[in-house]
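The values are calculated or read from the model by the stated rules, or taken from the named source; none is laboratory data. Keep in mind it's a predicted model, so treat the numbers as computed, not measured. No Cβ is skipped: glycine too gets one built from the backbone with ideal geometry, and neighbour counts run over all protein chains shown.
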Amino acid sequence: MNRPAFAVLLAGLLALPIAAPAPAHAENGKNAAAVAGVLLGLALKSAIEENRRKQDEQRWNSGSDRAFRPADLPGVVCYTRAQECYRNNHYSASATRSVFG
Amino acid sequence: MTFSPVPRILGFVVLAVPAAAQADVPLSVEIDGSVSAYAESMTEGVFDAQTVLAVKSLTYQKAVAISCAAFVVDDAKFQESFGLVFPPAEVFDALPEDEQMKIQTVGLLTIGTFLGMHLAVAEADKDGFCANAEAERDAPQAGPMIWMAK
């Protein structure tokens, strides 16, 4: 798990004692447990989604990826980190295979 | 992943596109790159990178046959190719039921994700999409083709 995702999870866990009311009665205790469960679920969901989004960004980020034009493949642009090639702005399986193996 | 990009990439370093030009990444490339990254992330732990790439290539060819008049898919080759991409029957049948469900569900999602993406890209620029498909058909490194002569 990367740092921001862990931070989200941690923030959710830290919020639990604040969100749950003091267990003066048994019913309050049950409610607190339910609230805690929902919050933990939401925190986990956010953490997973955040983690996935970060992973996707690491795989594809045209702003930071290095693009290059293979000399022997006219009209083709390839992206180093994504390991994908495009001919005239369209996906090229052949160029991708040729350049990245 | 068995890609070994380093040797070829080294030869291309001097031809790298200037960073400023990368601000103008075409929408079709952004869509392909983003959706492919999502598909790779979605299939993690279920399919390896080569399988995902094979599904991308097969669905691309299917989308070309749907979008471009000059192409038609050989159904027998299409089925045979998918049979090679996913686990063979004897392996699949021996898996626990929840594993089978996972492979089927993620497999269908991957096919749908890629096919939808290719069709959307084709719709935005049909002439360019079909011209590229012609070049793909003639390329020496094209890999497994499921198109038949028309």
> Of all residues in the range B:42-56 being more than 11 Å from chain A (Cβ to nearest Cβ) and of a type outside the set (Val, Ile, Thr), which is nearest to residue B:107 (Cα to Cα)?
Replying inline: B:47
> Quick check, is residue B:121 part of a helix (DSSP H, G or I), farther than 22 Å from residue B:77 by Cβ and away from chain A (no Cβ under 13 Å)?
Replying inline: no
> Looking at (1) in a loop (DSSP other than H, G, I, E, B); (2) of a type outside the set (Ser, Thr, Tyr); (3) within 9 Å of another protein chain (Cβ to nearest Cβ); (4) within 26 Å of the chain's Cα centre (by Cα), can you tell me which one residue A:81 breaks?
Replying inline: (3)
> Do we find a residue being modelled with pLDDT of 90 or more and in a loop (DSSP other than H, G, I, E, B) anywhere in the range B:103-115?
Replying inline: no
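Here's the yes/no breakdown for (1) of a type in the set (D, E, K, R); (2) surrounded by 18 or more Cβ atoms within 10 Å (Cβ to Cβ); (3) away from every other protein chain (no Cβ under 11 Å):
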| residue | (1), (2), (3) |
| --- | --- |
| B:40 | yes, yes, no |
| B:58 | no, yes, no |
| B:84 | no, no, yes |
| B:91 | no, no, yes |
| B:94 | no, no, yes |
| B:112 | no, no, yes |
| B:132 | no, yes, no |
| B:144 | no, no, no |
> Does residue A:52 fit the bill of being at pLDDT below 70, facing another protein chain (nearest Cβ under 7 Å) and either within 21 Å of residue B:41 (Cβ to Cβ) or assigned to a helix (DSSP H, G or I) (or both)?
Replying inline: yes
> Can you name every residue in the range A:61-78 that is facing another protein chain (nearest Cβ under 8 Å) and either among the acidic types (Asp, Glu) or in contact (Cβ under 8 Å) with a residue 24 or more places away in the chain (or both)?
Replying inline: A:65, A:70
